[in-house]
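The values are calculated or read from the model by the stated rules, or taken from the named source; none is laboratory data. Just so it is clear, the structure is predicted and the values come from calculations on it, not from any experiment. Here the Cβ is made from the backbone with ideal geometry for all residues, glycine too, and neighbour counts use every protein chain on show. Ligands, DNA and RNA are stripped out before the accessible areas are found, and what is left, the full protein with its side chains, is counted by its heavy atoms. Shrake-Rupley method; radii C 1.70, N 1.55, O 1.52, S 1.80 Å.
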Amino acid sequence: MQARTIIRNAATTALALLLTGFAGTAHAQQTGTITGVVTDAASGQTLESALVRLDGAESGTLTNTQGRYILAGVTAGEHTLTVTILGYEVQEVQVTVVAGQTTTANIEMTAGALRVQDITVTGVARLRAAARADYAYRRPYNTESYAEINENEFKTVGEAPLSTFSIDVDRASYANVRRFIQDGQRPPVDAVRIEEMINYFPYQWGDVAGEHPFAVTTEVTQAPWKREHRLVRIGLHAESIDTEDLPPSNLVFLLDVSGSMSSQDKLPLLKKAFALLVDQLREQDRVAIVVYAGAAGLVLPSTPGSQKDEILAALEKLRAGGSTAGGAGIKLAYDVARKYQMDGGNNRVILATDGDFNVGASSDDAMVKLIEKERESGTFLSVLGFGTGNLKDSKMEQIADHGNGNFAYIDGLLEARKVLVEEMGGTLLTLAKDVKLQVEFNPATVSGYRLIGYENRLLADEDFNDDTKDAGELGAGHTVTALYEVVPAGVAMPRPSVDPLRYQVQQPAGNEAPPPSRFEDELMFVKVRYKDPDGDRSKLLQHAVMDRAGTPSADLRFAAAVAGFGMLLRDSEHAGTFTLDDIVSLAEAGRGDDPRGYRGEFIRLVEASRDLKLLEMEAEEFGPDRWRR
């Protein structure tokens with residue numbers, strides 16, 4: 001019996017090629033997306049782990065716990081879907097894919113006599129492989145972990161006139177969020193780090209001039225989700241350096257080849273990703289490869305970048321198997337880096353893993369101490385995350401921060417190209433370390449404020465002038481955007497915080513005029529401290545922000561849209577009545593010049609979240625308790 005199938009074309013831009021992180025527009029015009037829900041025809045109950053294959057392919061995709069599947073990047077035209085699940089008849093349906101659109105095929109399965117013994121050996125192997133892959137979606141077996149994030153609340157200027165934090169140039173959260181949405185799932189709340197989502201995108205800041213390796217820029221406008229508030233953007237932009245002008249690199253690839261890395265989105269993707277980086281190496285660069293599984297080992301001694309064939313051959317031979325001695329691998333990688341250390345060069349360990357450190361000296365404290373010790377000698381550590389199901393996001397972010405490096409999540413080959421080719425200068429060359437920001441708000445013009453994101457980067461106010469306190473690093477070509485939502489003087493705070501202070505000058509309430517001030521034209525005062533990559537004493541930049549709200553630039557509109565999307569994904573009370581439609585409109589207005597198509601991809605991602613109704617999914621299924629460890 002053929003399935004009763006409902007097929008309709010959604011009038012929206014598709015999740016085209018999100019499975020590979022593709023952001024370009026030309027290819028998207030030739031492909032579309034198929035999505036839908038598989039249910040029991042008699043009861044209407046959704047069916048989890050149904051295998052959905054396209055045009056007779058041996059591999060396909062599995063329905064998640066809500067019975068939903070997604071096939072992205074499908075060539076426009078006629079296709080046949082084959083749906084298989086034990087206990088039901090095999091169903092084949094015809095689907096027409098329209099370029100640039102999403103075709104929805106909701107499939108009802110009829111109970112039948114399909115049994116394991118009725119399936120060919122090849123079919124059984126495929127189903128078993130599919131079942132193994134499906135552990136990432138099953139609640140009892142998913143061991144991904146994310147550090148808990150408690151969203152920044154509004155503070156009154158009278159109680160907290162200073163806001164201090166470390167910069168963050170990591171981009172891992174956006175790619176990881178994209179991975180969840182492309183699988184038809186709402187991301188875990190703590191996987192959404194708004195500052196990393198904002199900083200995933202390039203922005204136009206102009207040239208860097210003067211004695212400092214980066215420039216500071218600010219902009220003020222209305223907050224789109226609450227018009228009586230101000231939205232302030234603080235931007236840091238480091239100068240770009242051509243690849244040929246980069247100092248020589250002494251690199252150690254520290255690669256996880258444990259059994260947990262066997263799936264296609266882990267070690268096979270890792271090898272392709274690092275091959276892209278190898279292709280960029282120059283004669284003066286050197287690369288060694290250290291692997292770890294049941295034990296750590298050196299599979300390629302430090303080799304000149306001119307010997308690309310030898311490096312690529314060593315990568316290709318890697319196979320996954322064994323448990324994970326991550327601590328031993330890190331120690332060996334640092335030993336190799338130290339042996340070939342280049343004075344004045346870029347000495348860096350690049351760790352690639354799913355983060356599953358489960359054997360050996362792998363406690364977080366022990367590894368952090370080792371990494372902090374090695375960074376003082378000039379060897380930094382960057383981390384690339386791969387895969388699903390056991391991703392240890394919290395641990396990888398922590399060790400990258402302590403290693404004076406950056407953390408990225410690779411969900412496809414094109415994301416690998418973005419991180420390791422397009423942004424190689426920022427990934428490999430640090431221009432400024434221990435970069436901190438401190439903002440002082442003017443009580444004559446500001447009642448309160450809220451820093452959007454950066455919850456795990458907050459510093460004590462006294463840490464700003466303490467050169468022994470670690471902070472973030474800024475690489476060549478990196479841009480950093482921080483957004484503050486500011487409550488102007490005379491506007492009521494969103495909620496009361498603490499009782500009025502007895503011994504401090506109180507700020508006027510309601511529409512009373514603020515006290516006179518010689519800085520009455522200023523909204524806030526921004527200070528930035530940083531050190532040279534090999535320096536011990538910090539340098540200071542200062543920048544006054546005037547109390548003038550203007551028409552937002554395209555960049556600020558887009559950054560605000562990304563921030564709004566993050567707030568909705570986090571169920572933030574500060575999002576007010578902001579909707580996904582509002583975000584799409586704001587992002588379209590801020591799309592501007594988008595040569596790589598990253599902003600267009602974001603818009604399609606938001607539209608897909610809206611059309612799949614991801615924000616309506618039950619909190620108990622996708623809430624924080626499932627993912628925190």
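Residue pairs exceeding 27 angstrom between C-alpha atoms, taken from LYS272/LYS433; LYS271/LYS395; LYS271/LYS531; LYS155/LYS531; LYS266/LYS531: LYS272/LYS433; LYS271/LYS531; LYS155/LYS531; LYS266/LYS531.
A viscosity of 1.567 mPa s and a temperature of 4 °C, combined with the Kirkwood radius over Cα pairs in Stokes-Einstein, give a translational diffusion coefficient for segment 406-471 of 84 µm²/s. Accessible surface ranking for MET197, MET342, MET546, 1.4 angstrom probe, highest first: MET546, MET342, MET197. Taking the DSSP beta bridges with both ends in segment 164-300, the antiparallel portion is around 65 percent. Sorting HIS79, HIS402 by solvent-accessible area of protein heavy atoms yields HIS402, HIS79, largest first, with a 1.4 Å probe. Taking a straight line from the alpha carbon of LYS331, these aspartates and glutamates sit under 13 Å away, with near neighbours fewer than eight places off in the same chain left out: GLU372, GLU374. The peptide list 523-536, 169-182, put in order of mean Cβ contacts within 10 Å with the highest first, becomes 169-182, 523-536. Neighbours of VAL38, meaning other residues whose beta-carbon lies under 11 angstrom from its beta-carbon, give a summed charge of -2 when Lys and Arg score +1 and Asp and Glu score -1. Highest mean first, the peptides 387-396, 264-273 sorted by other C-beta atoms within 10 Å per residue fall in the order 387-396, 264-273.
Determine the sum of side-chain charges near ALA544: Lys and Arg each +1, Asp and Glu each -1, restricted to other residues whose C-beta is under 11 angstrom from that of ALA544. Surrounding charge for ALA544 is -3.
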